[in-house]
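Take a look at the structure below.
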Amino acid sequence: MNNQRILGAVLLITVLLFIVELVGGFMSNSLALLSDAGHMLTDTLALTLALLASLFAALPATQKRTFGFYRLEILSALLNGSVLTIIALFIFYEAFLRLVHPAPIQSTIMLIVATIGLLGNIGGAVILAGASRENLNVRGAFLHVLSDAVSSVGVIVGGVLIHFFGWYYADPILGFLIGILILRGAFTLISESANVLLEATPKGLKLDDVVSAICSVKGIKDIHDLHVWSITSGINTIAAHLVIEDADAERTNGILREVRELLSAKFNIMHSTFQTECESCPEELFCHFERPESAGHHEH
């Protein structure tokens, strides 16, 4: 199942759960349940954005957008994280009001609706789990659904406490806990999205390891002006100047091919741009062995 179908299926589940929890929240007068319904609404909007971004990302590159529309996925993920932050702050506010003025709650309705929400969220998380490891945008949707599943467990626990012990403070306390959970996921999502937009070194990739791998290729004397970044999740890019040993000057194309294969296999760097230089020639001059078309390499 491709990402679009995955997101579409989870979007449908989330819309249905939102309606159920919203109605159940008003019927039970539970802040925790209403907060979870609000989170579901956020998830519905977020999943819609993620689905649209995934569709746009599949569009081909143009003369004005030579990298295509990949970054729409990252912008969507960043927006999702920002909306999650706002929702968390709103939950904190409402929870504070409930702590000051506790309200009676229909715990039976609360328990039934929260259980339905838990089962639906587990199903959505299972659908998204595989693709979330490879795509930051899908991971954003996965975090939404996973946090809902965990919060549904909390709502069930709160419903039990209210039903059997009459402890109405459990409802606003759960609101705070749900808010913290949402805020944690939002921070991770915003941080990783910002790193991509700032063209930081991809997460889990050490620049020293990349340098060592490139310099291990026979014929590479040195490397400088090195940059490694992500266009979007799963698409890493490198640009660098490679200094070629004089003795290996004639096989520059073979060296570049070996470097590209190594980077692809070891670091998942699929897009590369290299400028080659001869160790004994002045930097401002082309080396005698280079033809204009082999002075650099650019590959998707």
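Summary table below
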item	result
Residue that is touching an Asp or Glu at 6+ places or on another chain (Cβ under 6 Å) and β-branched (V, I, T), where the choices are T42, T14, T108, T62	T14
Count of the stretch 16-36 residues which are within 14 Å of N121 (Cβ to Cβ) and either modelled with pLDDT of 90 or more or surrounded by fewer than 24 Cβ atoms within 10 Å (Cβ to Cβ) (or both)	5
Residue in the stretch 29-44 that is within 30 Å of G158 (Cα to Cα), in the same structural domain as L183 (by TED's automatic domain parsing) and not in a helix (DSSP H, G or I) present	yes
Complete set of residues in the stretch 255-273 that are in contact (Cβ under 8 Å) with a residue 24 or more places away in the chain and either in a helix (DSSP H, G or I) or farther than 28 Å from E199 by Cα (or both)	I255, L256, E258, V259, R260, L262, L263, K266, F267
Criterion violated by R184 - all others in (1) closer than 27 Å to V83 by Cα; (2) touching a helix residue (DSSP H, G or I) at 6+ places or on another chain (Cβ under 8 Å); (3) in the same structural domain as Q106 (by TED's automatic domain parsing) satisfied	(2)
Number of the exception - G68 against (1) surrounded by fewer than 20 Cβ atoms within 10 Å (Cβ to Cβ); (2) touching a residue at least 24 places away in the same chain (Cβ under 8 Å); (3) within 23 Å of E192 (Cα to Cα)	(2)
Qualifying residues in the stretch 45-56 (those that are at pLDDT below 75 and surrounded by fewer than 21 Cβ atoms within 10 Å (Cβ to Cβ)) - the one nearest to G179 (Cα to Cα)	L45
Residue check for I214: modelled with pLDDT of 90 or more, part of a helix (DSSP H, G or I) and touching a helix residue (DSSP H, G or I) at 6+ places or on another chain (Cβ under 9 Å)	yes
Set S233, S152, S191: member being assigned by TED's automatic domain parsing to the domain that holds L262, at pLDDT below 90 and out of contact with any Asp or Glu (no Cβ under 6 Å at 6 or more places or on another chain)	S233
Selected residue (criterion: modelled with the highest pLDDT) from residues of the stretch 79-119 that are closer than 17 Å to R139 by Cα and crowded, with 21+ Cβ neighbours inside 10 Å	G81
Test: L31 is more than 29 Å from N236 (Cα to Cα), in contact with an Asp or Glu (Cβ under 6 Å, 6 or more places away or on another chain) and not hydroxyl-bearing (S, T, Y)	yes
Failed criterion for A239 (all others in (1) part of a helix (DSSP H, G or I); (2) touching a strand residue (DSSP E or B) at 6+ places or on another chain (Cβ under 6 Å); (3) modelled with pLDDT of 90 or more hold)	(1)
Selection from the stretch 170-193 of residues that are under 14 Å from the mean Cα position of the chain (by Cα) and more than 12 Å from I231 (Cα to Cα)	R184, G185, A186, F187, T188, L189, I190, S191, E192
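The values are calculated or read from the model by the stated rules, or taken from the named source; none is laboratory data. Note that the coordinates shown come from a computational prediction; the quantities given were computed from them, not determined experimentally. All Cβ positions, even for glycine, are placed from backbone atoms using ideal geometry, and neighbour counts span all protein chains on display.
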